[in-house]
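Quick notes on the structure that follows.
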């Protein structure tokens, strides 16, 4: 405990047993605080120094700031971080915003935080290890708190460095996983590419280069299966011509061609009556 406004003498400074980088400070023979070597050096503390409450408060504040700085630097040691990411991390450690701001300023002074470097690094990682498009990259930068001008620059670089051939290859891979009418497969490919972060203008260019073909026998089997499902479902509500039209509408929504549907209905003995 500290002793009001009177002058107090540092009577002992000892290295902590479990951490040689930290020191115990005794004032008037009583343990006062534990501090880091950085704080000890910053205040040039030594046995016999006389300190008042204002100085002791300053030492405690410096030590608290050092704790936040150490947490920030440890967090930075794993990978590049933004100011926002560091702030959120330190807030979870219950540091006040003023202390966090000083810790971030300290890290920036040491050039440990560089938003452009972060953007470039994330761009390279996503391009090298994922099949994600530029809009996913944009979203990640936004979430990390990167400035708008850097985001725009990064997205432009991302698009320039991502070859269209790679996106076409991705679309072909998606196509092989989709079965059904050509129009439905096209729609599924477009939706998948959008979900992966590709813009519509890029998707249209890719779709122009795709050759989407489906085995006619497989399509015929799928149409028969879907016809039975749609017909049986609608049969519970409709009959006659109404049932016929509802079945046609349901199959059209699934991407089948009108002529194919009419032929399959005829083959199945379902007439427009």
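Taking 0.36 nm per residue of separation and subtracting the Cα-Cα distance, full extension of the segment from residue 266 to residue 16 would add 81.0 nm. Among 137, 23, the order by Cβ neighbours within 10 angstrom, fewest to most, reads 23, 137.
Look at the alpha carbon pairs under 8 Å that are at least 6 residues apart: their mean separation over the length of segment 164-209 gives a relative contact order of 44 percent.
Per residue of the chain, the DSSP helices (runs of n ≥ 4 H) give a summed -39500 (n - 2.57) that works out to -20500 deg cm²/dmol at 222 nm.
Model label sites at residue 236 and residue 213, defined 7 Å from Cα along the beta-carbon direction, differ in position by 4.1 nm.
Across every pair of non-identical alpha carbons in segment 8-109, the mean reciprocal distance, once inverted, gives a Kirkwood radius of 14.7 Å. Look at the Cα gyration tensor of the chain: its axes a ≥ b ≥ c give a/c of at least 1.5 with a/b over b/c, and that counts as prolate. Over segment 132-208, the fraction of Cα-Cα pairs per 5 Å bin, rounded to whole percents and listed from the shortest bin up, is 3, 15, 26, 21, 14, 10, 7, 3, 1. Helix 97-109 and the longest principal axis of the Cα set of the chain meet at an angle near 90°. Please give the FRET efficiency for residue 120 paired with residue 179, using the beta carbon to beta carbon distance and R0 = 35 Å, rounded to the nearest 0.05. E(calc), rounded to 0.05, equals 0.30. Mind running the shape call on segment 87-167? Use the C-alpha gyration tensor, a ≥ b ≥ c as the square roots of the eigenvalues: rounded below 1.5 for a/c, prolate if a/b tops b/c, oblate otherwise. Here segment 87-167 falls in the prolate category. Between residue 249 and residue 150, what is the spin-label point distance in nm, taking each point 7 Å from the Cα along the Cα→C-beta axis? Result: 5.4 nm between the two label points. For segment 164-209, the C-alpha radius of gyration divided by 2.2 N^0.38 Å, with N the number of residues, is 1.01.
So what is the relative contact order of segment 115-161, in percent, for Cα pairs below 8 Å that sit 6 or more residues apart?
Working: 27 pairs, mean separation 22.3, N = 47.
Computed value for segment 115-161: 48 percent relative contact order.
Taking each residue as 0.36 nm, the span from residue 139 to residue 169 lengthens on full extension beyond its C-alpha to C-alpha distance by 8.4 nm.
Go ahead and run the numbers for FRET between residue 200 and residue 228, Cβ-Cβ distance against an R0 of 35 Å, rounding to 0.05.
On the way: r = 36 Å, r/R0 = 1.02.
It comes out at approximately 0.45.
Between helix 53-76 and the chain there is an angle of about 30 degrees, using the helix long axis and the longest principal axis of the Cα atoms. From the Cα gyration tensor of segment 131-174, with a ≥ b ≥ c the square roots of its eigenvalues, which class applies: rounded if a/c is under 1.5, or else prolate if a/b is larger than b/c, or else oblate? It is oblate, given that a/c is not under 1.5 and a/b is not larger than b/c. What the Cα atoms of segment 216-267 give is an Rg and a Dmax of 10.3, 32 Å. Extending 7 Å from the Cα toward the beta-carbon at both residue 109 and residue 191 defines two label points whose distance is 5.5 nm.
Taking every alpha-carbon pair under 8 Å whose residues sit at least 6 apart, the chain reaches a relative contact order of 11 percent.
How much length would be gained if the chain were fully extended between residue 74 and residue 41, taking 0.36 nm per residue of separation minus their Cα-Cα distance, in nm to one decimal?
Numbers: separation 33, 0.36 × 33 = 11.88 nm, distance 2.10 nm.
Length difference between fully extended and current span is 9.8 nm.
Calculate the translational D of segment 140-273 in whole µm² s⁻¹ from Stokes-Einstein, where the hydrodynamic radius comes from the Kirkwood formula applied to all Cα pairs, the temperature is 10 °C and the viscosity 1.306 mPa s. Answer, rounded: 90 µm²/s. Using alpha carbons only, how many angstrom separate the centre of segment 154-225 from the centre of segment 64-101? Using only Cα atoms, the two centres lie 43 Å from each other.
No value in this document is a laboratory result; all are computed from the given coordinates. Please read these numbers as outputs of a predicted model, since none were measured by experiment. Methodologically, a virtual Cβ is constructed for each residue, glycine included, from the backbone with ideal geometry; neighbour enumeration extends over all protein chains shown.
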